[in-house]
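**Q** Please find one structure pasted underneath; my questions will follow.
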């Protein structure tokens, strides 16, 4: 529906009120009285990608269609019928819960991740087990969980972060006691997913991108891992790069061909090293000052390790 048009053309479809709310959400702290629709479009055009614009516009029109259906039912049959229609059009809770539980047979959803999704949405944390856990959620929280784990939606990058955090919880080193999504850690800034040990040291980090990853993304990721280890004072053990849209041509080959990379290792300061050798024990890593590097693709609902290549058999 929104495959054609520039960012400015698509944004111009939104009314001024919607553009103002969107601009505030995207970091514009003060909207001057002289700011008109053209100014708001220009600002958002500069901070949003085309895919983000399409998603925002799509959400706006989806809600408008729902409202029009409800208004039509009010005209035809009255308010009581319209309320039932509104519930059905907006969200089918029972079906969503059943679909989530079917999905959980393949990938159990962690309580910790559900709590972080609730925190992100400013919703009460969920409690309970099984059907009652999901039935007690608000429509907003339940719908978001459904979008992430059943429909596999990006939600402007958040979906992939929550999905990978959930996967990571079942594959973490034993000394990781909690995960945090979008954690701000000086001097590197915001990290998509981090794992802490009992002493609150960061021992795992992950960067998750729902767009094609290029060489610059890889070098920044490695640089952040180095900084965390050398300047942050953390005993980082594992660093993940995760992408749901593939890697630009030659990116991984260029990473391996870096002067400081011998195929499996990257030099750190003070003679330390980052390594992707999966057979190193955690005790050996701490002793040698090494960090395991792993690169993943997210395809068809599964996380597939593309670096280092897993040995067959």
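**Q** Would you order 49, 34, 144, 227 from fewest to most other beta-carbon atoms within 10 Å of each residue's own beta-carbon? Each step should come with its number before you reach the end.
**A** Values: 49 11, 34 6, 144 22, 227 19.
Going from sparsest to densest Cβ surroundings: 34, 49, 227, 144.
**Q** Could you order the peptides 194-202, 161-169 from most to least packed, using the average number of other C-beta atoms within 10 Å per residue?
**A** On the way: 194-202: 16.7, 161-169: 22.3.
Answer by packing, highest mean first, reads 161-169, 194-202.
**Q** A further question on this structure: Report the full-extension gain for the segment residue 178 to residue 256: residue separation times 0.36 nm, less the Cα-Cα distance, to one decimal in nm. Mind dumping the intermediate values first?
**A** Numbers: separation 78, 0.36 × 78 = 28.08 nm, distance 3.12 nm.
Result for the pair: 25.0 nm of gain on full extension.
**Q** Further, regarding this structure: Where in segment 90-116 is the amide nitrogen less than 17 Å from a point lying 7 Å along the Cα-to-Cβ axis of residue 131?
**A** Residues passing the 17 Å test: 92-105.
**Q** So for 183, 171, fewest C-beta neighbours within 10 Å to most, what's the order? Before the final figure, lay out each step's value.
**A** Values: 183 16, 171 11.
Taking fewest neighbouring Cβ atoms as first place, the list is 171, 183.
**Q** Order of 192, 217, 39 from fewest to most other C-beta atoms within 10 Å? Before the final figure, lay out the partial values.
**A** On the way: 192 22, 217 18, 39 15.
Ranked by crowding around the Cβ, least crowded first: 39, 217, 192.
Coordinate-derived values only; no laboratory data. Values in this document were obtained by computation on a predicted structure and should not be read as measured data. When we count neighbours, we look across all protein chains shown, and the Cβ atoms used for this are built from the backbone with ideal geometry, even at glycine.
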